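Shown next, in structure tokens, is the structure this report addresses.
Read the figures in this text as sums done on the coordinates, not as results from a lab. Please read all numbers here as calculations on a predicted model, not as lab measurements. Cβ atoms come from the backbone with ideal geometry, glycine included; neighbour counts cover every protein chain shown.
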Amino acid sequence: MKLLLALFLGISLQAQASDSCPEFLNYELPKLHSNETVNLCKVAAGKPILVINTASYCGYTRQFEGLELLHQKYKEKGLFVVGFASNDFNQESGSEKEVSKVCRQNYGVTFTMVSPSYVKGPLANPIFEVINQQSEEPRWNFNKYLLNSDGKVVSYFPSQVEPNSKVLITAIEALL
């Protein structure tokens, strides 16, 4: 079932996960509005990862700006920020080009963004399938999951927690 779901979502399973990276992060994920892919094991193995489910037409979309600031502030210290565009709450554009415009042109996002996929329920992409087992499913857009360098969810922050909030920054700094 997992292989069929991965193929449906355009995610390539890797034959073997790196010893230093959990298997659930070892996928070739399609980058947003691109022919390129990203494998979180290749780019973030051994690093803390901030995972966010995003949407272009949500009241929290403005958080892209703050998430980009977190990315800029902490990338050299080892934090990897990745956004998963999703229409699970019916607030994402039907066009990857439009999603990319909102992220990159409107908010200056340079952190990694993944093409739209499901982040909750039985069709959740393989990354969120495990995150949801370790924590809880997103209840709305812009939920934030902080994973330690071993890929374990150590903190969950709902949509209302702003990227510049003391609680989120404290959790990030504790991992760095």
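Looking at Ser86 and the list (1) surrounded by fewer than 21 Cβ atoms within 10 Å (Cβ to Cβ); (2) touching a helix residue (DSSP H, G or I) at 6+ places or on another chain (Cβ under 9 Å); (3) closer than 13 Å to Ile52 by Cβ, which single condition is not satisfied?
With respect to (1) surrounded by fewer than 21 Cβ atoms within 10 Å (Cβ to Cβ); (2) touching a helix residue (DSSP H, G or I) at 6+ places or on another chain (Cβ under 9 Å); (3) closer than 13 Å to Ile52 by Cβ, Ser86 is out only on (1).
Kindly establish whether Thr170 is without any contact (Cβ under 8 Å) to a residue 12 or more places away in the chain and surrounded by fewer than 19 Cβ atoms within 10 Å (Cβ to Cβ).
On the way: without any contact (Cβ under 8 Å) to a residue 12 or more places away in the chain: yes; surrounded by fewer than 19 Cβ atoms within 10 Å (Cβ to Cβ): yes.
For Thr170, the condition - without any contact (Cβ under 8 Å) to a residue 12 or more places away in the chain and surrounded by fewer than 19 Cβ atoms within 10 Å (Cβ to Cβ) - is met.
Quickly run through segment 134-165 and pick out the residues that are of a type in the set (A, V, I, L, M, F, W, C) and within 17 Å of Gly83 (Cβ to Cβ).
So the first thing to find is which residues in segment 134-165 are of a type in the set (A, V, I, L, M, F, W, C), and the list is 140, 142, 146-147, 153-154, 157, 161.
Across segment 134-165, the qualifying residues are Trp140, Phe142, Leu146, Leu147, Val153, Phe157, Val161.
Gln105: of a type outside the set (Ser, Thr, Tyr), without any contact (Cβ under 8 Å) to a residue 40 or more places away in the chain, in contact with a strand residue (DSSP E or B) (Cβ under 7 Å, 6 or more places away or on another chain) and over 16 Å from Leu175 (Cα atoms), yes or no?
On the way: of a type outside the set (Ser, Thr, Tyr): yes; without any contact (Cβ under 8 Å) to a residue 40 or more places away in the chain: yes; in contact with a strand residue (DSSP E or B) (Cβ under 7 Å, 6 or more places away or on another chain): no; over 16 Å from Leu175 (Cα atoms): yes.
So Gln105 fails the test.
Are any residues in segment 145-176 aliphatic (A, V, I, L, M) and assigned to a loop (DSSP other than H, G, I, E, B), and if so, which ones? Can you show your working first?
At the first step, the residues of segment 145-176 found to be aliphatic (A, V, I, L, M) are 146-147, 153-154, 161, 167-169, 171-172, 174-176.
Within segment 145-176, Val161, Leu176 meet the criteria.
For segment 37-76, what are the residues that are part of a loop (DSSP other than H, G, I, E, B) and farther than 20 Å from Asn164 by Cα? Before you say what the answer is, go through the steps one by one.
Within segment 37-76, the subset part of a loop (DSSP other than H, G, I, E, B) is 39, 45-48, 55-62.
Result: Asn39, Ala45, Gly46, Lys47, Tyr57.
Find the residue count for segment 77-109, including only residues that are out of contact with any Leu (no Cβ under 8 Å at 6 or more places or on another chain) and either under 14 Å from Val38 (Cα atoms) or in a helix (DSSP H, G or I) (or both). Walk me through how you get there before you give the answer.
First pass over segment 77-109, keeping only residues out of contact with any Leu (no Cβ under 8 Å at 6 or more places or on another chain): 84, 86-95, 97-98, 101-102, 104-108.
Now drop any that are not either under 14 Å from Val38 (Cα atoms) or in a helix (DSSP H, G or I) (or both), which leaves 84, 97-98, 101-102, 104-107.
Of the residues in segment 77-109, 9 are out of contact with any Leu (no Cβ under 8 Å at 6 or more places or on another chain) and either under 14 Å from Val38 (Cα atoms) or in a helix (DSSP H, G or I) (or both).
Looking at this structure, is Phe142 in contact (Cβ under 8 Å) with a residue 60 or more places away in the chain, out of contact with any His (no Cβ under 6 Å at 6 or more places or on another chain), assigned to a helix (DSSP H, G or I) and buried (at least 16 other Cβ atoms within 10 Å of the Cβ)? Before you say what the answer is, go through the steps one by one.
Values: in contact (Cβ under 8 Å) with a residue 60 or more places away in the chain: yes; out of contact with any His (no Cβ under 6 Å at 6 or more places or on another chain): yes; assigned to a helix (DSSP H, G or I): no; buried (at least 16 other Cβ atoms within 10 Å of the Cβ): yes.
In short, no.
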